[in-house]
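This report refers to the structure that appears directly beneath it.
What follows is calculated from the coordinates using simple rules that are stated; it is not laboratory data. Here the structure is a predicted model, which is why all the values come from computation and not from measurement. Heads up, the Cβs are rebuilt from the backbone with ideal geometry, glycines too, and the neighbour counts pull from every protein chain shown.
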Amino acid sequence: MTENIRIEDLPGGVRLVTLDRPEKKNALTGVMYDAMRGALEAADESDAVGAVVFAGVPGAFSAGNDIADFVTRAEKAFSEAPSLRFIRQLARTRTPMVAAVDGVAVGIGTTLTLHCDLVYASPAARFRMPFVELGLVPEAASSYLLPRRVGRLKATELLLLSEMFGADQAEALGLVNAVMPSDMLVEHAVAQGTRLAALPRGALAASRALIRGDQAQVDAALQAEAEAFDRQLRTPEAQERFQAFLARAKPASA
Ligand code: COA
C-alpha cells in the first residue's frame, strides 16, 4: 500500500482507488501517480477486477499535480514523468472507470474524469482546469476530448479562461452523470462499477471501444500536448506562476 493512495479490491469486482492526501487537498505526487498507474495496469491484467472507481477525501477529489513537483520536474526528462506515464495508461486502460468527485477537482482532477466511463459528483464538487493561467497547456488529451464533449466555445472558456464550474453545470454540460449527496457518492459509484463488472466482458470491451471512438486521435493529442507542456513548463512565465503559488504571492506580471 502506497502512502497517500488506498487501493482496495471490493466484492463484486470493483477496485476502489482512494486518493488520500487531505492536508494538500489530494495534490498528486510522483509516488501517487505511479501507484494509480500500477492499479490501472494490474486491473487490466486481472480477471477478478471488472471496474475501477476513483474517489478522494471529503472536500477534495484532487487539487491536481503537486505544484512543487512542476518546479523540480523542469530539470528532468518530461517523457519519463510519472504524471505522463499515468496519463498514457489512463487513456489506454481497458477496464471501465468510474469517478466519484466531492470537493475540488483541479487540473488532472478534472481531466482524469474525461477518461472515466461514468462520473458522479456531490453538490460540493468544483471543477477547474487552470493550465493556461499557470503558464501551461491542457493535458490528458483534454484539448481533444473537451471540445468534442462540450463544444469548442465552452471548451475555450474552461481551458483558456480556466473557469470554475460546479456539479450542476458539469451535469448540464454532460461531464457528470448525476449529482448526489456526498454521503451517498462513493457507494453509488461502487454500485455502478459493480454493475459494469458484472456485464459480459467481451461485449463490454467492444461496446466501450465503440463509444470512446478513435484511440489513435486521443494518443496523438496526448503526445502533442505533452511536448507543448514540457516546453511551457521550462518557461519563466510558468515557473513564476508556480513560485507565486508556493509563496502565496501574486506574480509580478499580474
Ligand atoms: N500543489 C501543491 N500543494 C497544493 C496544491 C497543489 N496543486 N493544491 C493545494 N495545495 C496545498 C496548499 O498549498 C496548502 O498547503 P499548506 O497548508 O501547506 O499551505 C494545502 O494544500 C491546502 O490548500 P489551500 O489552498 O489552503 O485550500 P483551499 O481549500 O483554500 O483551496 C484549491 C484549494 C485546490 C482551490 C487551491 O489549493 C488551489 O488552487 N490549488 C492549486 C491547484 C492547481 O493549480 N493545480 C495544478 C493544476 S495544473
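Taking other C-beta atoms within 10 angstrom as a stand-in for reagent exposure, Asp66, Asp34 fall in the order Asp34, Asp66, fewest first. Pairwise Cα distances in segment 1-99 exceed 22 Å in 28 percent of cases. Contact order, relative form, for segment 116-254: 35 percent (alpha carbon pairs under 8 Å, 6 or more residues apart, mean separation divided by residue count). For the chain, the relative contact order is 20 percent, taking Cα pairs closer than 8 Å that sit 6 or more residues apart in sequence and dividing their mean separation by the residue count. Available extension along the chain between Lys76 and Gln217 is 48.0 nm, counting 0.36 nm per residue and deducting the alpha carbon span. Using the empirical formula 2.2 N^0.38 Å as the baseline, the Cα radius of gyration of segment 41-144 reaches a ratio of 1.11. If you wrap a convex hull around the alpha carbons of the chain, what volume per residue comes out, as a whole number of Å³? Each residue corresponds to 118 Å³ of Cα convex hull volume.
Look at the alpha carbon pairs under 8 Å that are at least 6 residues apart: their mean separation over the length of segment 4-139 gives a relative contact order of 23 percent. Stokes-Einstein diffusion for segment 1-55, with the hydrodynamic radius set to the Kirkwood value over Cα pairs and evaluated at 4 °C in a medium of 1.567 mPa s, equals 114 µm²/s. Footprinting exposure proxy ranking of Met36, Met129, fewest other C-beta atoms within 10 angstrom first, gives Met36, Met129. Largest first, the extents of the alpha carbon coordinates of segment 95-214 on the three principal axes equal 44, 36, 21 Å. Each residue of segment 162-174 is assigned a 3J(HN,Hα), and the resulting list reads 6, 5, 7, 9, x, 4, 5, 5, 4, 5, 4, 7, x Hz, derived from the Karplus form 6.51 cos²θ - 1.76 cosθ + 1.60 (θ = phi - 60°), x at Gly and Pro.
Got a sec? How would Leu175, Leu19 order by Cβ neighbour count within 10 Å, fewest to most?
Leu175, Leu19
Go through segment 16-22 residue by residue and turn each phi into a ³J(HN,Hα) via Karplus (6.51, -1.76, 1.60, θ = phi - 60°); whole Hz please, and just put x for glycine and proline. Those phi angles translate into 9, 10, 10, 7, 9, 9, x Hz. In this structure, the amide hydrogen of Val52, modeled 1.01 Å from its nitrogen in the peptide plane, lies closer than 5 angstrom to those of Arg15, Met97, Val98, counting only residues at least 5 positions away or on a different chain.
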